1. Restricted to the stretch 9-20, and to residues that are within 14 Å of the ligand (Cβ to nearest atom) and not in a loop (DSSP other than H, G, I, E, B), which residue is nearest to Tyr305 (Cα to Cα)?
2. Can you pull out the residues in the stretch 21-47 that are surrounded by fewer than 17 Cβ atoms within 10 Å (Cβ to Cβ), part of a loop (DSSP other than H, G, I, E, B) and out of contact with any Lys or Arg (no Cβ under 8 Å at 6 or more places or on another chain)?
3. For the list (1) at pLDDT 95 or above; (2) surrounded by 16 or more Cβ atoms within 10 Å (Cβ to Cβ), I need the number of the one condition that Thr157 fails.
4. Exactly one condition in (1) more than 19 Å from the chain's Cα centre (by Cα); (2) within 22 Å of Gln321 (Cβ to Cβ); (3) among the polar types (S, T, N, Q) is not met by Asn243; state its number.
5. Give the residue that is nearest to the ligand (Cβ to nearest atom), with candidates limited to residues of the stretch 309-339 that are β-branched (Val, Ile, Thr), in a helix (DSSP H, G or I) and in contact with a strand residue (DSSP E or B) (Cβ under 8 Å, 6 or more places away or on another chain).
6. So, in the stretch 188-233, of the ones that are within 12 Å of the ligand (Cβ to nearest atom) and part of a loop (DSSP other than H, G, I, E, B), which residue ends up farthest from Leu101 (Cα to Cα)?
7. Can you give me the number of residues within the stretch 237-268 that are outside any helix (DSSP H, G or I) and on the phi < 0 side of the Ramachandran plot?
Amino acid sequence: MSISIVKNFPLDHLNTFNISANAKFFYEFKTLESLKEILNHNLLKTEKSFVLGGGSNILISNDFDGIVLKNSIKGIHITKENKNHTEVEVGSGENWHEFVLWCVKKNLSGVENLALIPGSVGASPIQNIGAYGCEAKDTIKKVEFIDLESKTIKELTNSECDFSYRSSIFKKDLKEKCIITKVTFLLNKKPINNTSYGAIASELTALKIQASPQSICNAVINIRSRKLPDPQKIGNSGSFFKNPIISNKKLKKIKVEYPEIVNYKYSQTYSKIAAGWLIEMAGWKGYRKNDFGVYDKQALVLVNYGNASGNDIIELSKKIQRSVHKKFDIKIYPEVNII
Ligand SMILES: Cc1cc2nc3c(=O)[nH]c(=O)nc-3n(C[C@H](O)[C@H](O)[C@H](O)COP(=O)(O)OP(=O)(O)OC[C@H]3O[C@@H](n4cnc5c(N)ncnc54)[C@H](O)[C@@H]3O)c2cc1C
């Protein structure tokens, strides 16, 4: 079978920042077999490659001088069931939000708080996506991937994935060394109904409905639609920076001057600080220059209003990092992958 590699392929509609850029080569794989085939192609011996999911956690700084491998491996299958749990295998190219809706429709609980997060299922373990008191690690049982060096299929269990806040082994030891092909989730038949975080409980009260996977999913969709810019209208990658983690000792010192600092317990000795609050306090919320800026409803989100370049956003992010560091002596780092 011949492989259809496209030359000079526009990535404009394949990244949620809506940055205009081309890939020197582009290939879309829909099956494990076609992925294996391209990995053995001669082009891969000379060109660098980049795996693309939904493009919702990347910032493209330039045309990509190599081959972009677009993941479209589909399939959602129930593989095991018992009284309490259902095990579901999901192709890594499935859309995350569609998968959440599939679970909710089947009354399977565990991912409803993660509704409306853009991107692919395959990327969900990479930064251990999280929102509204839930993380992908809470339901992931195992992750299947192709090891790019040996070109063999391997599997890691939940504990082997070394999940932590917005991180996993795929962001560390296995970064750029594998392509995730399948994720297996263990979902609950009994609803978890985690409404403790953010505005979920008040949203349910306002709608006069009881907690269930379906109602929580709807509430999260409502809240997120109000708070975050729709990438189809304003280019963005969600939270641009990770929330920094600092020692409680340092937090105590900062609290003398800023008692209202937004923080959450991370461990006995460390606290997580809301990066959005730091950026807002440093005066960036609603900032705009030409076509790039900081979203006016959430300072953690950097935006492209039209024709911003990747470098415009990178320069802005560096300025924000410097000013937050100067004001609070706290370093913030991008969550977004800059390519
Ligand atoms: C409006 C908006 C809101 C968001 N809200 C949240 C949120 O609440 N919580 C949260 O955690 N994130 C959030 N994000 C970030 C983003 O949605 C997630 O990080 C998502 O998991 C990225 O998936 P993707 O398929 O788009 O990955 P991409 O952007 O395509 O890729 C991201 C990185 O993963 C690598 N990668 C992708 N797929 C694979 C694979 N199969 N195998 C190996 N490597 C791969 C890529 O090479 C790249 O380095 C938000 C983004 C947007 C735009």
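The values are calculated or read from the model by the stated rules, or taken from the named source; none is laboratory data. Just so it is clear, the structure is predicted and the values come from calculations on it, not from any experiment. In this analysis, Cβ positions are derived from the backbone assuming ideal geometry, glycine residues included, and neighbour counts consider all displayed protein chains.
1. First, pick out the residues of the stretch 9-20 that are within 14 Å of the ligand (Cβ to nearest atom): 11, 13-19.
Then keep just the ones that are not in a loop (DSSP other than H, G, I, E, B); that gives 13-14.
Values: His13: 15, Leu14: 17 Å.
Step by step, filter the stretch 9-20, then rank; the result is His13.
2. Hits for the stretch 21-47 are Thr31, His41, Asn42.
3. Failed condition: (2).
4. Of everything listed in (1) more than 19 Å from the chain's Cα centre (by Cα); (2) within 22 Å of Gln321 (Cβ to Cβ); (3) among the polar types (S, T, N, Q), Asn243 misses just condition (1).
5. Start the filter on the stretch 309-339 by keeping residues that are β-branched (Val, Ile, Thr), which leaves 313-314, 320, 324, 330, 332, 336, 338-339.
Then drop every residue that is not in a helix (DSSP H, G or I), which leaves 313-314, 320, 324.
Filter once more, keeping what is in contact with a strand residue (DSSP E or B) (Cβ under 8 Å, 6 or more places away or on another chain): 313-314, 320.
On the way: Ile313: 13, Ile314: 16, Ile320: 18 Å.
My answer is Ile313.
6. Lys233
7. Initial filter on the stretch 237-268 (outside any helix (DSSP H, G or I)): 237-247, 258-268.
This time we only want the ones that are on the phi < 0 side of the Ramachandran plot, so: 237, 239-247, 258-268.
The number of residues fulfilling the criteria is 21.
Here is a yes/no grid of residues against (1) aromatic (Phe, Trp, Tyr); (2) over 22 Å from the mean Cα position of the chain (by Cα); (3) not in a helix (DSSP H, G or I):
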| position | (1), (2), (3) |
| --- | --- |
| Lys7 | no, yes, yes |
| Ser49 | no, no, yes |
| Lys70 | no, no, yes |
| Ile78 | no, yes, yes |
| Val90 | no, no, yes |
| Val100 | no, no, no |
| Cys103 | no, no, no |
